[in-house]
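First the structure, in the form of structure tokens, and then the observations on it.
The values are calculated or read from the model by the stated rules, or taken from the named source; none is laboratory data. Since the structure is predicted, the reported quantities are computational estimates derived from the model, not experimental observations. All Cβ positions, glycine included, derive from the backbone under ideal geometry; neighbour counts span all protein chains shown. The area values use the complete protein model at the heavy-atom level, side chains included, leaving out ligands, DNA and RNA. Shrake-Rupley method; radii C 1.70, N 1.55, O 1.52, S 1.80 Å.
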Amino acid sequence: MKHSLPSPISDIPFDKVAAYAATYRSGKTNLHATATLEELRASFGGVLPEQGQPAEQIIDDLIRAAEPGLVGNTQSGFYAWVMGSSHPAGVAADWLTSIWGQNCGIYQCSPAGSTAEEAACNWVLDLLDLPRQSSVGLTIGATMAGFIGLAAARDEVLRRAGHDIAEDGLQSAPHVTIFISDDTHASNLAALRYLGFGNRNIARIATDDQGCMLTDDLAEQMNQTQGPKIIVGTAGHINTGAFEDFHTMADLSEEHDAWLHIDGAFGLWARSSSTRHALADGVERADSWSTDGHKWLHIPFDAGFAIVKDRAAHRRAMDITASYLPDPPGDGRNATHFNPELSRRARGFTAWATLRAFGKQGVRDLIDNHCHCAELLAQSLADEPGITIHNDVVLNQLILSFDLGRGDEDADQMTQRMEQALNADGSHFFRIAKWQERCVLRVSILSLKTKPHHVLELSEKMKRLWREIRG
Ligand SMILES: Cc1ncc(COP(=O)(O)O)c(C=O)c1O
């Protein structure tokens, strides 16, 4: 009988992949996917072959099938979303993680993976200047980090109200109210839903023109509400990059014995900047924070950090225990204490390697450079007739609209035309969003390759295209 066994490791074309990696990263790759869904399905789909195939052929086929469907977020012209580009040092560590085949659910599955993760998490606390006693879960992203922070929040505010969620679940629990801004990131509402909270548990707080919670409204709504409370704030709004008033939120949280969670998917990194640190002042008074590694820090996807000041509350919310899952030695780390997964990739290696590749100064320079670029772009567009910058450019985000003064509908169409025009030659990737009922072009500046001259060139291109459209 013929067996189809996997290729021996010596037959795997690692050299070829390494050579390809160097070419892909150093060359100009497509910013936009060129293949249609149907074409990609035709390349990837079909029936799974009965017999296994040689790895060399599979890798060739994979590159051929994937390339037309890749998006160039590793290129400097990528401004569409706040998405990192997988730092090469992290990529190399990521390969090793797979080569070593490490599962880092518990310490004993991968003592090295667990300890690298612990070190990376401590570095993150240090870089973000958050309470050093906090526990940190290394997650797949900020959505999951928010879920974890809010799970700890839910369980703890209920515990204080005399309800043990581990024993009694959510069904008979006292009503918890979540105070969250009208402009919160959609992932926070999703996390709340996964945690059993619906619209009737959520008090939406009015916002200012930058998408920040109005703290007078927050105070008023909290004063009118009985029972356990959670506040969700934002450090770095997805569109405007704005920061909320964390000191007032923290005061209100203390006054009401509430829990304050901060979503700082990318904005929290202002804490490690030399020029923008003050934006996130007061954030250290919160009870939990969620942030990403795979956005501004360029840790390869996927990486996020769930940070909880009260380790015990974090652990009570997440712990998975079983007799076959031993505790770590001493005060070592079982990731299952802080994350909802059991088996999980030892993603601490990539975080550890990327953070070391930057060093503290590198992270500072990274954030400072992008904020400076955003400022330059804003200055250079400021006087151009018909271009409106809708946000106060405090971080790395701009939202723009293009307007001939013929009404909002026409302006929305002009902004869409500019999106198409900017993307047309393939050297840039932009996307639009809705902001306060208006269509805006998002400019998220965080590429590892973006330097001031790139944004000045971009500004010239924008003005030239806009003048052509204006006629
Ligand atoms: C403010 C904010 N919160 C949360 C998220 C969700 O992060 P992730 O995509 O890593 O889950 C994002 C993503 O852009 C964000 O900008």
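Tabulated values for the structure
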{"quantity": "Length released on extending from ASP129 to ARG406, taking residue separation times 0.36 nm less the Cα-Cα span", "calculated": "94.9 nm"}
{"quantity": "Alpha carbon centroid spacing (whole Å) that separates the range 335-366 from the range 180-218", "calculated": "29 Å"}
{"quantity": "Euclidean distance of C-alpha centroids, the range 443-471 and the range 94-151, integer Å", "calculated": "37 Å"}
{"quantity": "Accessible-area composition of the range 342-471, carbon plus sulfur, in percent [1.4 Å probe]", "calculated": "48 percent"}
{"quantity": "Order by protection proxy (mean Cβ within 10 Å, highest first), peptides 445-455, 425-435", "calculated": "445-455, 425-435"}
{"quantity": "Protection proxy ranking of 55-64, 169-178, 112-121 - average other beta-carbon atoms within 10 Å, highest first", "calculated": "112-121, 169-178, 55-64"}
{"quantity": "Expected 222 nm ellipticity per residue - DSSP helices of 4 or more, -39500 (n - 2.57), all of the chain, to 500", "calculated": "-13000 deg cm²/dmol"}
{"quantity": "Where the range 117-182 is the region considered: accessible area per residue in Å², 1.4 Å probe", "calculated": "36 Å²"}
{"quantity": "Cross-link reach list, lysines versus LYS295, counting only Cα pairs under 20 Å and skipping chain neighbours closer than eight places", "calculated": "LYS360, LYS449, LYS451"}
{"quantity": "Cα-based reach from LYS229 at 21 Å (exclusive), listing lysines while leaving out same-chain residues under 8 positions away", "calculated": "LYS309"}
{"quantity": "Rg(Cα) / (2.2 N^0.38 Å) computed for the range 364-470, rounded to two decimals", "calculated": "1.02"}
{"quantity": "Contour minus Cα-Cα distance for ASP168 and ARG311 (0.36 nm per residue)", "calculated": "49.3 nm"}
{"quantity": "Alpha carbon convex hull of the range 317-417, volume per residue in cubic angstrom", "calculated": "212 Å³"}
{"quantity": "DSSP-defined beta bridges in the chain - what % are antiparallel, rounded to 5", "calculated": "60 percent"}
{"quantity": "Qualifying GluC sites (Glu not before Pro) in the range 417-457, DSSP loop, other Cβ atoms within 10 Å at most 16", "calculated": "GLU437"}
{"quantity": "Spread of Cα-to-Cα distances over 20 Å intervals beginning at zero, given as percent, for the chain", "calculated": "22, 52, 25, 1"}
{"quantity": "Alpha carbon convex hull of the range 175-334, volume per residue in cubic angstrom", "calculated": "149 Å³"}
{"quantity": "Protection proxy ranking of 86-99, 7-20 - average other beta-carbon atoms within 10 Å, highest first", "calculated": "86-99, 7-20"}
{"quantity": "Extension gain (nm, one decimal) between VAL71 and ASN223, 0.36 nm per residue minus Cα-Cα", "calculated": "49.9 nm"}
{"quantity": "Other-chain or far-sequence residues with amide H under 5 Å of LEU260's (modelled H)", "calculated": "ILE231, ASP287, SER288"}
{"quantity": "Distance from the range 277-315 to the range 220-269 (C-alpha centre basis), Å", "calculated": "14 Å"}
